[in-house]
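No lab work stands behind these numbers, since they all come straight from the coordinates. Remember, it's a predicted structure, so these values are computed and weren't measured experimentally. In this analysis, Cβ positions are derived from the backbone assuming ideal geometry, glycine residues included, and neighbour counts consider all displayed protein chains.
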Amino acid sequence: MPERILVTGGTGQLGSVVVERLVAAGERVRALSRRRRGGGSVEWVVGDLRSGRGINTALAGCDVVLHCATDYRHEVAMMRTLVEAARWTGNPPHVGYVSIVGVDRVPLGYYAAKLAAEQVLASSGLPHTIQRATQFHSLVRTVLAGAARLPVVPVPRWRFQPVDVRDLAVRLAELAKAEPAGRAPDFGGPEVLAATDLAKAVLAASGRTKRVLPVRLPGALFRAYAEGGNLAPGHTDGVITFRQYLAEQENPVALRYH
Ligand SMILES: NC(=O)c1ccc[n+]([C@@H]2O[C@H](COP(=O)([O-])OP(=O)(O)OC[C@H]3O[C@@H](n4cnc5c(N)ncnc54)[C@H](OP(=O)(O)O)[C@@H]3O)[C@@H](O)[C@H]2O)c1
């Protein structure tokens, strides 16, 4: 029997693309959502990583889990639920966790939770791989789209290395077939670009001409980004550029993340 891969967050920005990729590669895929879904070659299961409802059933018979579910308020609790349930299966699966480059450098509450969740997995005794990635194109675009609505576009003097979820999904599909790696090498987008240039690209893609105003702000968060804490310049792994991604968007300044 081929391996069975469970994707948590199978309906999310990244998880949905991971599911598609695995199905296209002929893998046996089970996907988790809190709501009932159906269709295609995917075995959808209902479960909630906060309450634990349905998680034992979701894990039963799975060889690999790609944990793409996230909730900034409950990241650690969700990891604990997953780890506990995985430990109690007869044959503990290889758990892959998607984290973020800079969780140990950038002082954001969500990043602290991701780091703590990494530590829960790393100390679980389960075979595991932690894959940190840089910001997704969609996140960078959405944040800049908000600023692009103002008459003058204020943008911090930061750099980003946005990555396409399709590129990251390729890495995760490889990871699912590989031996557990502990902390895997970071996965970054193809280009490191100034936020001002990214903002200009968003404006250009939507046919707008506005002044982009580089701004400096006080505080540890600003400094961590200014020092490149969110970057993985030695890992320009992705191939789809931000401009290519923008060219595919119907409305490059839409304020929706998905
Ligand atoms: N955004 C970025 O720039 C970025 C960069 C690097 C890494 N990452 C990481 O990539 C991962 C995926 O992010 P994303 O942006 O694709 O997430 P997303 O689109 O916000 O999707 C979140 C997913 O989590 C599921 N979920 C939430 N609470 C749940 C619960 N209690 N039980 C079970 N499932 C639950 C949701 O499923 P249902 O609603 O269907 O239940 C949904 O599919 C995250 O770990 C994130 O930290 C993100």
- Once both axes come from the Cα atoms, what is the angle between helix 75-87 and the longest principal axis of the chain, in degrees from 0 to 90, rounded to 10? 20
- Item | In Å, descending, principal axis extents of the Cα set of the range 1-83 | 34, 25, 20
- Quotient of Cα Rg and 2.2 N^0.38 Å for the range 4-247, N being how many residues it contains: 1.05
- Message: Which lysines, if any, have their Cα less than 25 Å from the Cα of residue 114, not counting same-chain residues under 8 positions apart?
- Response: 177
- Message: Between the range 127-186 and the range 205-249, what is the separation of their alpha carbon centroids in Å?
- Response: 11
- Task: Give, rounded to the nearest 20 debye, the magnitude of the charge dipole that the chain has about its Cα centre when Lys and Arg contribute +1 at Cβ and Asp and Glu contribute -1 at Cβ.
- Result: 920
- Item | Rg and Dmax of the range 136-248, Cα atoms only, in Å | 15.5, 51
- Folded to 0 to 90 degrees: helix 13-24 orientation relative to the chain principal axis, Cα: 50
- In degrees, nearest 10, range 0 to 90: what is the angle between the Cα axis of helix 137-147 and the longest Cα principal axis of the chain? 40
- Here the alpha-carbon Rg of the range 66-187 over 2.2 N^0.38 Å rounds to 1.19
- Message: I'd like the FRET efficiency for residue 41 and residue 215, computed as 1/(1 + (r/R0)^6) with the beta carbon distance as r and R0 of 41 Å, rounded to 0.05.
- Response: 0.30
- Using a Förster distance of 22 Å, the FRET efficiency for residue 243-residue 108 (Cβ separation, nearest 0.05): 0.25
- Message: Can you classify the range 190-258 as rounded, prolate or oblate using the Cα gyration tensor, where a ≥ b ≥ c are the square roots of its eigenvalues, rounded means a/c under 1.5, and otherwise it's prolate if a/b beats b/c and oblate if not?
- Response: oblate
- Query: Which whole-number percentage describes the relative contact order of the range 4-247, with Cα contacts under 8 Å and a sequence gap of 6 or more?
  - Reply: 19
- Query: What residue among 222, 160, 242 has the largest mean-square fluctuation in a Gaussian network model of the chain, using Cα springs under 10 Å?
  - Reply: 222
- Measuring from a point 7 Å past the Cα of residue 123 along Cα-to-C-beta, which residues in the range 102-116 have an amide N at less than 18 Å? 104, 112-116
